Amino acid sequence: MSGGAARWPTGLPGVLDDAIEAAAAPGGPFHPATGARLDAREEFPADACAVLDEHAMARAYVPAELGGVPGGLPELVAALRTVARRDVTVAVAHGKTFLGSVPTWVAGTDGQRRALARRVLDGAVVSWGLTEPGHGSDLLAGRLTAEPTADGGRRLDGAKWPINNATRGDLISVLARTAPEGGPRGFGLLLVDKATLPPGSWSPLPKEPTHGIRGADISGIRFTGAEVPADALTGGPGDGLDVVLRSLQLTRTVCTSLSLGAGEHALRLAHAFAAGRAMYGTALLRLPLARRVLGRAAASLALADAASLLAARAAHCLTGEMSVVSAVVKAGVPEIVQLAVDDLAELLGARGFLTEHHEHGAFQKLERDHRIVAVFDGSTAVNRASLINQFPALARLHRTGTHDTEGLAAAVAAGPVPPLDFGALRLFSRTGCSVVQALPDAVGRLAALAAAGDVPPRVPELARALATEATAVADAMAAARPAGRDTPPGDFGTARRYERCFAGAAAALLLLADPGDQVRVTSLTAALERALELLRPGHEAPEEAYEPMLETLAEPAKELIA
Amino acid sequence: MSELTTQTPQPTAAELVDWLRGRVAAQTGRPAAEIDADVPLNDYGLDSVYVFGLCAEIEDQYGIEVEPTVMWDNTSLAPLADALLGLIAAR
Ligand SMILES: Cc1cc2nc3c(=O)[nH]c(=O)nc-3n(C[C@H](O)[C@H](O)[C@H](O)COP(=O)(O)OP(=O)(O)OC[C@H]3O[C@@H](n4cnc5c(N)ncnc54)[C@H](O)[C@@H]3O)c2cc1C
């Protein structure tokens, strides 16, 4: 539906889609047999990445004003999703360059931004080095140091591991201790160009064998007295944590594209299997249970898609709210998709498990590949912790119902997004989360549309039920105490419910913005049904609720990107 | 937000520290008397990445806008109160 290539029929996602389709012919780099072979050998998908390079995928990693695609984050999400729905490993391997570049877009000088844009557009691979051996989520525990040198530069000592593309990469953004005592002002971010380092001052750490994304270059890098020039610093020497936290607001939002692609791939495989599988004198696809599972998975994806699309647009239209939005979707979207993938795996039976059957074992590969999305760039728990930290403000603003009307109107519209104002990213949102706070208001407007016969009566019913859930969640948030490392487990459950409220609200608002598009209304209504199921334990959507999704699945590829 | 906040009068340094102490106590579940204004908040379980909730409460209570990084430049309550007093006076 709304987040895919069809939004950019002449843009990069459409071009990539065609190129990948062509490269998916037998023997081609995107053919499932090729992916399976590389996966088994833990070999890097170099030919598939070359296809993306040939079609200038890197333009999606660069802001428009520096020569990138005009569509900003939504276009990047659509482009990466197009790759991920063929092969998540390739999307992870190639897309990392965006993550490594973001700090420069956020906090670099004009000169630094222009220089990096040139490199990225020329095909340079940039990696993102936060984690160290022994230190992951706790960013301020890092030991890698960047001490000043006599000539104004910095000398790096320490290791980053495990890092995607640490070995293959040309450049790496490194979070490093600039003051020996560390602390929130004791870290800086440095963009290191490996080619300019004195020989012997760095070495790659070996590739780590992994459960999923087996072909990706998951390795590390060790610096021993590696000297970098003064202009390697992105922002001031004490700005590292600030820059990283604001950069993560964008990278985490973009990570959702990997889940959307994996989910779409899973649904396509399961649907094709069910359609072709003869049993009991009929096809699996005709059994009511199979129809329910497929329809519900499609609804889950529509829900995840609504959340991801609105989050990517929010980066441009509600920039100051991304501290909330990015945490919500990085925790919520991979989980909603994973639940759908688990259900589909059950439907596939043995074929979800065998590595050499049904499309060369593509299902079990994507299932393994997708697991990483909930781990890297801030795990689900880390994102929930950062959301919980914002509970008091969110609860208060939810009660008042105030929201950024103008920003939200631009975010839900179909038109192009304004340029992303990187300077407007804030460590915490002053206006809470407009998407969720606008839900009660949307209920009234959807009811009016239904009364006029413009949307099915079920739509305002569902929106009202979701608004009731959101109020209950806001009450729970008001009662929570955001206690840092002593946060009780119950608050993480509240965070999960808030994520689902966001996804449901996103579906309701997108539906409200364009109630004339029947296909979209069908899939967004199913998304609302699914959101309510996810929010109310024991509640099941009415028997026919997901049946309309089955019809749109008949032509899976078209429907899901249209 | 403003109806509630514009009425909060200019606090003294001691009053502001007391109010902050109460908020930290509420957030961390410790008795207020245990919160020392000169001990880094990190020691009470409020890691740097997770202190912004307090920042939102300050804005709300005193009707001021604070850069979240004020929490990093002043890691315990006494210097934080000093930094905030000027902002509150200037509102
Ligand atoms: C395939 C792969 C690729 C990676 N690529 C990169 C990369 O390119 N760059 C990079 O910098 N890193 C990368 N990483 C590292 C990844 O981001 C870290 O694994 C992640 O940050 C978690 O760190 P950790 O594994 O050390 O777990 P820890 O930080 O030790 O966490 C352990 C557990 O505690 C939970 N936890 C952490 N904080 C909280 C909290 N506040 N509240 C509640 N629970 C919490 C975590 O969710 C986890 O379950 C990669 C990892 C893998 C596996």
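Overview of values
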quantity: Restricting region A:93-135 to residues that are in contact (Cβ under 8 Å) with a residue 12 or more places away in the chain and within 14 Å of chain B (Cβ to nearest Cβ), the residue that is farthest from the ligand (Cβ to nearest atom); calculated: A:Ala107
quantity: Members of region A:515-540 that are acidic (Asp, Glu) and within 24 Å of the chain's Cα centre (by Cα); calculated: A:Glu529, A:Glu533
quantity: Residue match in region B:4-26 (condition: at the interface with chain A (Cβ under 8 Å from one of its Cβ atoms), modelled with pLDDT under 95 and either open to solvent by 10 Å² or more (accessible area, probe 1.4 Å) or assigned to a helix (DSSP H, G or I) (or both)); calculated: yes
quantity: Residues of region A:105-152 satisfying the condition of being more than 24 Å from A:His94 (Cβ to Cβ) and hydroxyl-bearing (Ser, Thr, Tyr); calculated: A:Thr109, A:Ser137, A:Thr145, A:Thr149
quantity: Criterion: over 30 Å from A:Ser429 (Cβ atoms), modelled with pLDDT of 95 or more and surrounded by 24 or more Cβ atoms within 10 Å (Cβ to Cβ) - qualifying residue of A:Ala232, A:Ala270, A:Ala262; calculated: A:Ala270
quantity: Boolean, B:Ala90 is more than 9 Å from chain A (Cβ to nearest Cβ), surrounded by 17 or more Cβ atoms within 10 Å (Cβ to Cβ) and not polar (S, T, N, Q); calculated: no
quantity: Within region A:329-367, tally of residues that are more than 28 Å from A:His31 (Cβ to Cβ), within 16 Å of the ligand (Cβ to nearest atom) and open to solvent by less than 10 Å² (accessible area, probe 1.4 Å); calculated: 3
quantity: Qualifying residue in region A:228-239 (condition: within 16 Å of the ligand (Cβ to nearest atom) and charged (D, E, K, R)); calculated: no
quantity: A:Ala40 touching a helix residue (DSSP H, G or I) at 6+ places or on another chain (Cβ under 6 Å), assigned to a helix (DSSP H, G or I) and of a type outside the set (Lys, Arg); calculated: no
quantity: Of all residues making up region A:169-179, the number that are farther than 22 Å from A:Leu245 by Cβ and either modelled with pLDDT under 95 or more than 12 Å from the ligand (Cβ to nearest atom) (or both); calculated: 1
quantity: Counted residues, region A:277-293 - those being within 32 Å of the chain's Cα centre (by Cα) and either part of a strand (DSSP E or B) or surrounded by 11 or more Cβ atoms within 10 Å (Cβ to Cβ) (or both); calculated: 5
quantity: Number of the condition not met by B:Gly29 [criteria: (1) under 12 Å from the mean Cα position of the chain (by Cα); (2) within 10 Å of chain A (Cβ to nearest Cβ)]; calculated: (1)
quantity: Subset of region A:316-366 (residues that are within 14 Å of chain B (Cβ to nearest Cβ) and of a type in the set (A, V, I, L, M, F, W, C)); calculated: A:Met322, A:Val324, A:Ala327
quantity: Residue in region B:55-72 that is within 16 Å of the ligand (Cβ to nearest atom) and buried (at least 22 other Cβ atoms within 10 Å of the Cβ) present; calculated: no
quantity: Qualifying residue in region B:78-87 (condition: facing another protein chain (nearest Cβ under 9 Å) and within 27 Å of A:Met477 (Cα to Cα)); calculated: no
quantity: In region B:32-73, residue farthest from B:Leu87 (Cα to Cα) [restricted to those that are more than 10 Å from the chain's Cα centre (by Cα) and among the polar types (S, T, N, Q)]; calculated: B:Asn42
quantity: Residue check for A:Asp242: part of a helix (DSSP H, G or I), more than 26 Å from the chain's Cα centre (by Cα) and farther than 16 Å from A:Thr145 by Cβ; calculated: no
quantity: Within region A:475-493, considering residues that are away from chain B (no Cβ under 14 Å) and under 25 Å from A:Ala374 (Cα atoms), the one most open to solvent (accessible area, probe 1.4 Å); calculated: A:Pro489
quantity: Filter result (open to solvent by 40 Å² or more (accessible area, probe 1.4 Å) and under 11 Å from A:Pro63 (Cα atoms)) within region A:106-120; calculated: A:Arg114
quantity: Among the residues listed as A:Ala298, A:Ala274, A:Ala266, A:Ala230, the single one being in contact (Cβ under 8 Å) with a residue 60 or more places away in the chain and within 30 Å of A:Leu171 (Cβ to Cβ); calculated: A:Ala230
quantity: Lone unmet requirement of (1) within 15 Å of the ligand (Cβ to nearest atom); (2) buried (at least 17 other Cβ atoms within 10 Å of the Cβ) for A:Arg143; calculated: (2)
quantity: Of all residues in region A:155-167 being more than 12 Å from the ligand (Cβ to nearest atom) and surrounded by fewer than 23 Cβ atoms within 10 Å (Cβ to Cβ), the one that is nearest to A:Glu208 (Cα to Cα); calculated: A:Gly158
quantity: Single condition A:Gly453 does not satisfy, out of (1) open to solvent by less than 10 Å² (accessible area, probe 1.4 Å); (2) on the phi > 0 side of the Ramachandran plot; calculated: (1)
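The values are calculated or read from the model by the stated rules, or taken from the named source; none is laboratory data. On a predicted model such as this, the values are computed, not experimentally measured, just so you know. So basically every Cβ, Gly included, is an ideal-geometry build from the backbone, and we count neighbours across all protein chains shown. Protein only, heavy atoms only, side chains kept; ligands, DNA and RNA dropped before computing areas. Shrake-Rupley method; radii C 1.70, N 1.55, O 1.52, S 1.80 Å.
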